[in-house]
Amino acid sequence: MRLQALIILFIFFIGITEAIAQENSDSSKPKWVLSSYFESFIAFKGNEPKRAKISDFQYNHNRYNIPKVNHGFMGLEHQGENFRMNVAAHLGTYVEDNYKNEPGFLRNIYTANIGFRINKKKNRWIEAGIFPSYKGFESVNSFENLTLTRSLLAENSPYFVTGIRTNYSIGAKDELYLYLLTGWQRIVPLKGSSLPSFGFQWIKKLSDDNKINNSFFAGSDYPDDTRRMRYFNNFYWQISRGRWSYIVGLDIGAEQKAKKSSDYNYWWSPVIIGAYTLNNKLKAAARLEHYNDQSSVIVKASNVNPLIGSGFSFNLDYNPTPSMLIK
């Protein structure tokens, strides 16, 4: 893949507000949380028309030479003793690009899920609905990430999933989540497909600031008559030490070349991210990554070339107030 030199400036203004209603001062009582978020950006490149997309395989900050809203949402969350729920609506260029395969009335649903506690002693829940993806360490929302832009690893794996999940604690440090899903990244199941997808997430907390995560997916993104099984594993290790924070991640995926085939196409992506907190208002972060999808399983670029490349990024974060972040 031939790379072009770009000069890009992103500016984010991020606002988060919360309103918590509680029956009394007892923190064990049910509570409601109302939250809102707004993220804008601008990316410059000479001789590009306004609103032109930066690439076919990016879903965040993917417009040139015009201020845009990347992602904004408003949501309501309830956390009770035996019942919880989360619902939020969203908009932005991320929604336009990443939800284009969903029916129009569903594209603006960010989260919509309910859960019931089925074992109070072991804090075990069963939940159903639309969730942020369990695969990966990067969110669509920039304030939750160390770096300014999303890694290629994150951009080309699911940002959301739909289905049923339950959790299971294994001792004091290990948590296991099991998933039954509508697909790779779908709200409505693919037409002509009768096979649900399956997944699990294992989280090992070595300490409060040191954890290992492994997430797995098995399913298909094709209808029954051309079904190709897809298997995907995301692993990352996240640790903080004083002013330093690190993430090391690796994605590996495999998909059948044809229905019932024993031959597979593969893709993989390693990434390492480091961040340093300068003071309570400034933080710097850098990322080094590689992405290899030589068979174009995930990335189907308009120029038909496979996505094989490496990248490096650096960003400086400025927090003028607790509810605003400029990257």
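The values are calculated or read from the model by the stated rules, or taken from the named source; none is laboratory data. This is a predicted model, so every value here is computed, not measured. We place every Cβ from the backbone using ideal geometry, glycine too, and count neighbours over all the protein chains shown. Only protein heavy atoms, including side chains, enter the accessible area calculation; ligands, DNA and RNA are left aside. Shrake-Rupley method; radii C 1.70, N 1.55, O 1.52, S 1.80 Å.
Apply the Kirkwood formula to the range 92-216: the hydrodynamic radius equals the inverse of the mean of 1/r over all pairs of different alpha-carbon atoms; give it in Å with one decimal.
About 16.0 Å, per the Kirkwood formula over Cα pairs.
Among Gln238, Trp268, Tyr222, whose Cα lies farthest out toward the positive end of the dipole of the range 218-315, if unit charges sit on the beta carbon of Lys, Arg (+1) and Asp, Glu (-1)?
Gln238
Under a no-solvent Debye model with one identical scatterer per Cα of the chain, what's log10 I(q)/I(0) at q = 0.07, 0.08, 0.09, 0.10 Å⁻¹?
Debye curve over Cα of the chain, log10 I(q)/I(0) at q = 0.07, 0.08, 0.09, 0.10 Å⁻¹: -0.30, -0.40, -0.51, -0.64.
Only helical DSSP H runs with n ≥ 4 go in: add -39500 (n - 2.57) per run for the chain, normalise by residue count and round the 222 nm mean residue ellipticity to 500 deg cm²/dmol.
-500 deg cm²/dmol
Give the Debye-formula value of log10 I(q)/I(0) at each listed q (0.18, 0.19, 0.22, 0.24 Å⁻¹), with one equal scatterer per alpha carbon of the range 220-327, two decimals each.
-0.93, -0.98, -1.14, -1.25
Could you give the dipole magnitude of the chain about its Cα centre, charging the beta-carbon of Lys and Arg +1 and that of Asp and Glu -1, in debye to the nearest 20?
About 200 debye.
Counting only protein heavy atoms and a 1.4 Å probe, tell me what percentage of the range 50-132's accessible area is made up of carbon and sulfur.
Answer for the range 50-132 is 56 percent, counting heavy atoms of protein chains only.
Using a 10 Å cut-off on Cβ atoms, rank the peptides 312-319, 259-266 from the highest mean neighbour count down.
Ranking the peptides 312-319, 259-266 by packing returns 312-319, 259-266.
Taking springs between alpha-carbon atoms closer than 10 angstrom, which of Asn292, Asn123, Asn65 fluctuates most in the Gaussian network model of the chain?
Asn123
Please state the charge dipole magnitude for the range 236-327, taken about the Cα centre, from unit charges on C-beta atoms (+1 on K and R, -1 on D and E), reported in debye and rounded to the nearest 20.
Roughly 240 debye, rounded to the nearest 20.
Find which of Leu307, Ser323, Thr277 sits farthest along the positive direction of the dipole of the range 276-327, computed with +1 on the beta-carbon of Lys and Arg, -1 on that of Asp and Glu, about the Cα centre.
Selected residue: Ser323.
Towards the positive end of the charge dipole of the range 32-78, with charges on Cβ (+1 Lys, Arg; -1 Asp, Glu), say which of Met74, Ala43, Tyr59 has the farthest Cα.
Sorting the options by dipole projection puts first Ala43.
Using the Cα centre as the reference, give the magnitude of the dipole from point charges on the C-beta atoms of the range 190-288 (Lys, Arg: +1; Asp, Glu: -1; all else neutral), rounded to the nearest 20 debye.
For this selection, approximately 300 debye.
What order, most packed first, do the peptides 81-90, 153-162 have when packing is the mean number of other Cβ atoms within 10 Å of each residue?
Put in order of decreasing packing, that is 153-162, 81-90.
If I take every Cα pair under 8 Å that is 6 or more residues apart in the chain, average their sequence separation and divide by the length, what percent do I get for the relative contact order?
Worked out over the chain, it gives 12 percent.
Given the pairs Lys100/Lys191; Lys300/Lys327; Lys68/Lys327; Lys31/Lys173; Lys100/Lys259, which span a C-alpha to C-alpha distance of over 23 angstrom in this model?
Check vs 23 Å cut-off fails for Lys300/Lys327; Lys31/Lys173; Lys100/Lys259.
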